[in-house]
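The values are calculated or read from the model by the stated rules, or taken from the named source; none is laboratory data. Bear in mind that the values here come from a model prediction, so they are computed numbers and not experimental data. Cβ sites come from the backbone with ideal geometry, for glycine too, and all protein chains shown count toward neighbours. For the accessible areas, the whole protein counts, side chains as well, though only heavy atoms, and no ligand, DNA or RNA atoms are used. Shrake-Rupley method; radii C 1.70, N 1.55, O 1.52, S 1.80 Å.
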Amino acid sequence: MPWTACLVKFNPIIGYFVTENSKFPLWCLKQIQKRLATQPSVPNPTPAPQKKDFMTRFLDAAKTSQPPGYNIPQVLNWLLVNTMAGADTTAFVLTAILYYLLRSPSKKAILLQELDAANLSYPVSWQQSQHLPYLSACIKEGLRLHPPIGMGLERVVPPAGLAMPDGYVLPAGTHVSMNPWIVNRQPAVFGERVDDFIPERWMKGKGEEEAEYKRRVGRMKRADLVFGGGVRACTGKYVSFLEMYKVLPTLLGVFEVGLVDEGEWETVNRWVVRQEGVRCWLRRRGKG
Ligand code: HEM
């Protein structure tokens, strides 16, 4: 409902009462200050090799800007994007995949068997994780069932209008959007039991012809709006994949994980769909 923006987002009175928005920038600013405090005041001509994280790279990139020195607002901007767009989104998907796996012992057993047979080194590398088909299917199924962004992101119909499959043409300027929570539960695209966690739907079925499998998976992939679509699609998609493909096999390969509570989780949609009531215990595997 775009008109609600006039009531909330663009309403100057609301701004007097809302202080939440400043939490993220302040937290990010503190991280920059902490990191800068660790930098030597005189550059070391032979610095010890160090692993570069996002912050190191942002500071390096901002150093070359004009005027010379660190462009702190720019670093703050990049950090904010990373933390606001990238942290909770990925965490919610990981939580969902874990939750579904822990509630489906047979699926968890298949994944553990795959991990154990792969003779992995820990932490699992990106390269190793690319040879784990069941892991990949679990991640795709988790993203399908629990897209972190639970609202349609709007686009505006261009001057030529937008022809719908039934021939109706939406006029220029119309706001359109599709919510991945709805799209991802269409049986015509995703097959049977769309509310259930079934990683196998992403894999080749027993006796399924290769061509049919490709057509079926292609249909699901084309409907994928979890990371948005078009020119404004998520720029962090592959950072998120990198995290998920490494964290999940490492966590489940090293630890035995279980749910503390037997009850169902609660999900709350506040633009991002977060979960409540998912508490886990961990124990090193093979330690009894
Ligand atoms: C599972 C994890 C993630 C999901 C589901 C997700 C989803 C999305 C979606 C739906 C959009 C809007 C796309 C559109 O309007 O069509 C978006 C935009 C964006 N995301 Fe993500 N995201 C994730 C992780 C990340 C990460 C890890 C980062 C950064 C490290 C990131 C950075 C961004 C940025 C910068 C944009 C704005 C792109 C633009 O407007 O040009 N996201 N994301």
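Would it be correct to say that Tyr70 is over 25 Å from Arg284 (Cβ atoms) and assigned to a loop (DSSP other than H, G, I, E, B)? Yes: the conditions hold for Tyr70. Of the residues making up the stretch 243-259, just one is surrounded by fewer than 16 Cβ atoms within 10 Å (Cβ to Cβ) and in contact with a Phe, Trp or Tyr (Cβ under 6 Å, 6 or more places away or on another chain), namely Gly258.
What tally of residues in the stretch 268-288 results from selecting those that are outside any loop (DSSP other than H, G, I, E, B) and touching a residue at least 40 places away in the same chain (Cβ under 8 Å)?
6
With respect to Leu79, determine if the residue is within 16 Å of the ligand (Cβ to nearest atom) and at pLDDT 90 or above. Judged against the criteria, Leu79 is a match. Within the stretch 129-179, being within 16 Å of the ligand (Cβ to nearest atom), exposed (fewer than 12 other Cβ atoms within 10 Å of the Cβ) and within 26 Å of Leu115 (Cα to Cα) holds for no residue. Against the numbered list (1) modelled with pLDDT under 95; (2) farther than 25 Å from Lys108 by Cα; (3) more than 15 Å from the ligand (Cβ to nearest atom), Arg232 comes up short only at (3). Look through the stretch 217-228, keep the residues that are open to solvent by 30 Å² or more (accessible area, probe 1.4 Å) and either of a type outside the set (D, E, K, R) or in contact with a His (Cβ under 7 Å, 6 or more places away or on another chain) (or both), and return whichever of them is nearest to the ligand (Cβ to nearest atom). Checked the stretch 217-228; the qualifying residue nearest to the ligand (Cβ to nearest atom) is Phe227.
Does the stretch 236-249 hold any residues that are more than 6 Å from the ligand (Cβ to nearest atom), touching a residue at least 12 places away in the same chain (Cβ under 8 Å) and closer than 16 Å to Pro147 by Cβ, and which are they? Those that are more than 6 Å from the ligand (Cβ to nearest atom), touching a residue at least 12 places away in the same chain (Cβ under 8 Å) and closer than 16 Å to Pro147 by Cβ: Phe241, Met244. Being more than 16 Å from the chain's Cα centre (by Cα), assigned to a loop (DSSP other than H, G, I, E, B) and of a type in the set (A, V, I, L, M) is true for just one of Leu79, Leu112, Leu120. Which residue is that? Answer to the check: Leu120.
Among the conditions (1) among the hydrophobic types (A, V, I, L, M, F, W, C); (2) free of Cβ contacts under 8 Å to residues at least 60 places away in the same chain; (3) within 16 Å of the ligand (Cβ to nearest atom), the only one that Ala117 does not satisfy is (3).
Filtering the stretch 199-216 to residues that are open to solvent by 60 Å² or more (accessible area, probe 1.4 Å) and over 19 Å from Val93 (Cα atoms) leaves Lys204, Lys206, Gly207, Glu209, Glu210, Ala211, Glu212, Lys214, Arg215. If we scan the stretch 45-66, do we find a residue that is assigned to a loop (DSSP other than H, G, I, E, B), on the phi > 0 side of the Ramachandran plot and either open to solvent by less than 80 Å² (accessible area, probe 1.4 Å) or in contact with a helix residue (DSSP H, G or I) (Cβ under 9 Å, 6 or more places away or on another chain) (or both)? Checking the stretch 45-66: not a single residue is assigned to a loop (DSSP other than H, G, I, E, B), on the phi > 0 side of the Ramachandran plot and either open to solvent by less than 80 Å² (accessible area, probe 1.4 Å) or in contact with a helix residue (DSSP H, G or I) (Cβ under 9 Å, 6 or more places away or on another chain) (or both). When each of Ala211, Ala233 is tested for being more than 21 Å from Leu98 (Cα to Cα), without any contact (Cβ under 8 Å) to a residue 24 or more places away in the chain and in contact with a Phe, Trp or Tyr (Cβ under 8 Å, 6 or more places away or on another chain), the lone residue that passes is Ala233. With the condition kept exactly as written, say whether any residue in the stretch 94-104 is modelled with pLDDT of 95 or more, in contact with a His (Cβ under 6 Å, 6 or more places away or on another chain) and farther than 30 Å from Lys30 by Cα. Yes, that holds for at least one residue.
Residue count for the stretch 18-48, restricted to those that are modelled with pLDDT under 85 and more than 31 Å from the chain's Cα centre (by Cα): 10.
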